[in-house]
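Here's the structure, in structure tokens; my notes come after.
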Amino acid sequence: MRIAIGCDHRGLDLKRSVIGLITEAGHGYEDFGCYTPESVDYPDIAREVAGAVARGDFERGILICDTGIGMSITANKVRGIRAALCHSAFSARRARQHNDANILCLAAAEVGDGAGEIVSAFLASEFEGGRHQRRLNKIRVMEDRF
């Protein structure tokens, strides 16, 4: 699986750790920044990662900032993106199974050592379809209307 990953300055350390997890699991990735602890604007990074996932250049994306909230809000502005802010392996698994989330957002200030389990659950889980597809279809209609 190819994964687009990005962070702001507050998520840099966690991003480095997550890249290690991704490569250990045998996945490829592209790092969309940031690369230093210098302050950056998270919407710029989120737009790049979300755009790459929406175009189909990557199967999934991971975005990291201090709370994960800003990245999630920004990524979800891109048509076709279903970014989920997850704080546990359970929520990451459900985000994939029930919502077909294609971007995982992480809160660097909160997940700590649990990031490995969250990322693993997100990458290993698949969309279940069925009744959940009907709900996603309603979301797609909203994207076209508003």
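Can you tell me which residue in the range 95-123 is farthest from Gly68 (Cα to Cα), limited to those that are surrounded by fewer than 20 Cβ atoms within 10 Å (Cβ to Cβ) and free of Cβ contacts under 8 Å to residues at least 24 places away in the same chain? The extreme case among them is Asp113.
On inspection, Ser88 fails the criterion of being among the hydroxyl-bearing types (Ser, Thr, Tyr) and within 19 Å of Ile3 (Cα to Cα).
If the requirement is being out of contact with any helix residue (DSSP H, G or I) (no Cβ under 7 Å at 6 or more places or on another chain), under 16 Å from Ala121 (Cβ atoms), touching a residue at least 12 places away in the same chain (Cβ under 8 Å) and not aromatic (Phe, Trp, Tyr), which of these qualifies: Gly61, Gly68?
Checking each option against the conditions leaves just Gly68.
Take Tyr42 and decide whether it is among the aromatic types (Phe, Trp, Tyr) and either surrounded by fewer than 19 Cβ atoms within 10 Å (Cβ to Cβ) or farther than 22 Å from Glu110 by Cβ (or both).
Numbers: among the aromatic types (Phe, Trp, Tyr): yes; either surrounded by fewer than 19 Cβ atoms within 10 Å (Cβ to Cβ) or farther than 22 Å from Glu110 by Cβ (or both): no.
When the stated conditions are applied, Tyr42 does not pass them.
With respect to the conditions (1) surrounded by 20 or more Cβ atoms within 10 Å (Cβ to Cβ); (2) closer than 29 Å to Gly130 by Cα; (3) not charged (D, E, K, R), Ser91 falls short on a single one, namely (1). Applying the condition of being of a type in the set (Asp, Glu) and not in a helix (DSSP H, G or I) to the range 22-39 and asking which residue is farthest from Ala4 (Cα to Cα) yields Glu38. Annotation note: of Ile5, Ile73, the sole residue that is crowded, with 22+ Cβ neighbours inside 10 Å, over 21 Å from Gln133 (Cβ atoms) and among the β-branched types (Val, Ile, Thr) is Ile5.
Values quoted throughout were computed directly from the atomic coordinates according to the rules given, and no laboratory measurement underlies them. Predicted, not measured: the structure shown is a model, and the values here were computed from it. Glycine gets a Cβ as well: all are built from the backbone with ideal geometry, and neighbour counts include every protein chain shown.
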